Amino acid sequence: MALGIYRALGCVDYDTESRPERPVIDVSLIGPATGRETTLSAVADTGFSGFLLVPLDTYQEFSELELPAKDFLTYRTMVGPILLRRARVIATIFGRRFETFIETPLVGISKFLLGRRILNTFRLGLVGPEKRFCLLEEEGYPSHLRIN
Amino acid sequence: MDVIIRGVRLRLYREFKAQASKMGLKLSEALQKAIERWLFENSQSAFVMSDPNQLAFAKLAAQIELKYRGKYVGVCGGKLFVAEKLEDLLTQLKEAGVTRAIVSQVGVDETGEGGEWLWGSIER
């Protein structure tokens, strides 16, 4: 395992209304067909392996390019399998614009969650005591700190 | 609530009851699990049947798989749009005045297990 040095490029505050406080991030969503845009606040959720989970009303507004039903993904949950609808969108997080998917349950309620398929594309740090969620930049792996 | 179901095949019912008993479940608990499973298994096809664009895509699926592998394909109002790149497909959709379509990169967007949605989402 190599130990690296990372520098915070920018940080956002946790949602302090929630108990205990939780890391949230603003996500700009753009409908690929119409260019319509909105910004929403999503909880960073490492327990969700998907993309960006949204409530049905947001999904209906931005699912301009929905995938065929055969490409919807099934997720294991505590209450059994759940099938999520999936649509292609453009998103911007921490200033980076990329193509990704929004998802919502075919049946049942939903909320704004940022899953691991998106989280894992960023270098992120949870600075719990300060309640800050940071975008990191790698500064390198100094040889005297390397652990193999 | 109480439900009376008539016309259940005797052998099927006996097998179901025996299996529920082996698993330590009441008959009502086993039946509820079976209903939940059936609803889940059929939710996708029910959804496809209720959405005209999804239904049109499903009808064209075999033809699309055969002819357009690797390409971006869009279906809206029974019309098929095909392009090499997503941007080109979007241009075609915009020119046709389409703001909502079923879009797939054929052979790339795959179905299956998405993973899990577990503890992280559970709150008081």
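Considering only B:GLU36, B:GLU95, B:GLU15, the Gaussian network model of chain B with Cα springs below 10 Å gives its largest mean-square fluctuation to B:GLU15.
For chain A, what does the helix formula give at 222 nm: sum of -39500 (n - 2.57) over DSSP H segments with n ≥ 4, over the residue count, nearest 500 deg cm²/dmol? Calculated mean residue ellipticity at 222 nm is -1500 deg cm²/dmol. Sorting A:83-89, B:41-47, A:117-123 by average packing, meaning the other beta carbons within 10 Å per residue, from highest down gives A:83-89, A:117-123, B:41-47. Each helix, a run of at least 4 DSSP H residues, gives -39500 (n - 2.57); summed and divided by the residues of chain B, these come to -17000 deg cm²/dmol at 222 nm. I'm checking a number: the convex hull volume of the Cα atoms of the range B:1-71, normalised per residue, in Å³. What is it? Here the figure is 176 Å³ per residue. For the range B:51-124 and the range A:7-66, compute the distance between their C-alpha centroids and round to whole Å. So the two Cα centres are separated by 22 Å. Among the residues of A:46-54, the average count of other protein chain beta-carbon atoms within 10 Å of the residue beta-carbon is 4.
Straight Cα distances below 27 angstrom link A:LYS131 to the lysines A:LYS111, with same-chain residues fewer than 8 positions distant left out.
Only one residue of A:PHE62, A:VAL127, A:TYR14 has its Cα farthest out toward the positive end of the dipole of chain A, where Lys and Arg carry +1 and Asp and Glu -1 on Cβ, and that residue is A:VAL127. Applying a 4.7 Å cutoff between beta carbons, the unpaired cysteines of the protein assembly as shown are B:CYS76. In straight-distance terms, cross-link reach from B:LYS59 covers every one of the lysines whose alpha-carbon lies under 21 Å from its own, apart from those fewer than eight places away in the same chain; here that gives A:LYS70, B:LYS67, B:LYS71, B:LYS79. Each Lys and Arg Cβ is given +1 and each Asp and Glu Cβ -1; about its Cα centre, the protein assembly as shown then shows a dipole of about 1100 debye. Between B:LEU60, B:THR91, B:VAL8, the Cα set farthest toward the positive side of the dipole of chain B (charges on each charged residue's Cβ, about the Cα centre) is that of B:VAL8. I need the helices of chain B that pass two filters: whole DSSP H segments spanning 27 Å or more by Cα along the axis, and mean Kyte-Doolittle score no lower than -1.0. Counting only whole DSSP H runs, the qualifying helices are B:27-50.
Here the mean projected area of the convex hull built on the C-alpha positions of chain B is 13.6 nm². Comparing B:ARG14, B:ARG37, B:ARG69 in a Gaussian network model of chain B where C-alpha atoms under 10 Å apart are linked, the largest mean-square fluctuation is found at B:ARG14.
Any read-out appearing in this document is the output of simple, stated calculations on the displayed coordinates, not a laboratory observation. As the structure is a computational prediction, the values presented were derived from the model and not from experiment. Cβ atoms come from the backbone with ideal geometry, glycine included; neighbour counts cover every protein chain shown.
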